[in-house]
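Okay, structure first, notes after.
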């Protein structure tokens, strides 16, 4: 390897210092295009570090760049328009008929754009107690305006930093609403909760209470479980407390995995939603997967995951023994196990 001259070394150091500053600024930018370009460059830098002879053009063409940028610019323009429409300087009619200012950063402000929806799609029947909360208007109908009004005074249990319209709201003492992207919600979470409540009624999981869609937002209602997220408590626990939680989790997952799937059940959601890879971005299998070999192929088939040599190297650690029948056993489990998804009381 040829040694760099002092001048070239200084040039490279200066270049990457500027690049680092630009990336840090991009992470807090309000421009979706800026954030996307920063993410793309960081992915390219990481891929280049792993394999300096990789095909960069192939990395760039996994999605048409021009179409992606066009879509992001359009999204930013729509977001700016919504901000202007919900600006505190603009008077918005409140549900009770008087003129009130709506803070764009409040729940009412973030959901206000849904009021104009002409249709509320009921994806799962709403429980009576949910209907009573949502039908607050004089007409007592399930309208988008009534729903936004009912949710506007809820307490925020969780709010996503990347998408502040993705949140969990406590709409009553016993009910929460999980609001997210309708495009990403294929019903697997709702069907999983139904499956557990039916087959393991003694397990501590929320009771699903209905699901609706307004425009491009889904709203899933479920019973509220008291507790705190484990990720905020774990470091403060003693070794014995951690061992106790681990033992409880072992019992919980043993119960889940005791559920045997119906015949002809394929991998993925219990409602037949198929396999979903969420390691970085959502990626759904384009066909039903019914055995470990097909699942392994899907797991390692992410476009531009790395060079063929690198993927082949990783697969050696994941290789399934041909004579191990236990590998063919299909069990029910949690699809997103992490500290933030574990509640402790």
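Could you look through region 218-240, keep only residues that are in contact with a helix residue (DSSP H, G or I) (Cβ under 9 Å, 6 or more places away or on another chain) and at pLDDT 95 or above, and pick out the one that is nearest to residue 165 (Cα to Cα)?
Here the answer is 219.
Identify, please: which residue in region 100-109 is outside any loop (DSSP other than H, G, I, E, B) and more than 20 Å from residue 175 (Cα to Cα) and is, among those, modelled with the highest pLDDT?
Here the answer is 109.
Checking residue 120 against (1) at pLDDT 90 or above; (2) more than 21 Å from residue 154 (Cβ to Cβ), which single condition isn't satisfied?
Result: residue 120 passes all but (2).
Checking the structure you have, find out if any residue of region 273-284 is at negative phi, in contact (Cβ under 8 Å) with a residue 12 or more places away in the chain, over 19 Å from the mean Cα position of the chain (by Cα) and surrounded by fewer than 15 Cβ atoms within 10 Å (Cβ to Cβ).
Within region 273-284, none of the residues are at negative phi, in contact (Cβ under 8 Å) with a residue 12 or more places away in the chain, over 19 Å from the mean Cα position of the chain (by Cα) and surrounded by fewer than 15 Cβ atoms within 10 Å (Cβ to Cβ).
I'm checking my understanding of the structure. Among residues of region 309-338 that are surrounded by 12 or more Cβ atoms within 10 Å (Cβ to Cβ) and in a helix (DSSP H, G or I), which one is modelled with the lowest pLDDT?
327
So, in region 295-308, of the ones that are farther than 22 Å from residue 184 by Cβ and without any contact (Cβ under 8 Å) to a residue 12 or more places away in the chain, which residue ends up surrounded by the fewest Cβ atoms within 10 Å (Cβ to Cβ)?
For region 295-308, the residue satisfying everything is 308.
Among the numbered criteria (1) in a helix (DSSP H, G or I); (2) within 29 Å of residue 28 (Cβ to Cβ); (3) free of Cβ contacts under 8 Å to residues at least 40 places away in the same chain, which single criterion is violated by residue 231?
(3)
Would you be able to tell me the number of residues in region 219-228 that are surrounded by fewer than 22 Cβ atoms within 10 Å (Cβ to Cβ) and not in a loop (DSSP other than H, G, I, E, B)?
Looking only at that region, the number is 2.
What strands (runs of 3 or more DSSP E) lie completely within region 145-214 and have 3 or more residues being touching a strand residue (DSSP E or B) at 6+ places or on another chain (Cβ under 7 Å), in contact (Cβ under 8 Å) with a residue 40 or more places away in the chain and more than 25 Å from residue 345 (Cα to Cα)?
The qualifying strands (runs of 3 or more DSSP E) are 208-214.
The values are calculated or read from the model by the stated rules, or taken from the named source; none is laboratory data. Everything numeric here is computed off the predicted structure, so don't read it as measured data. Here the Cβ is made from the backbone with ideal geometry for all residues, glycine too, and neighbour counts use every protein chain on show.
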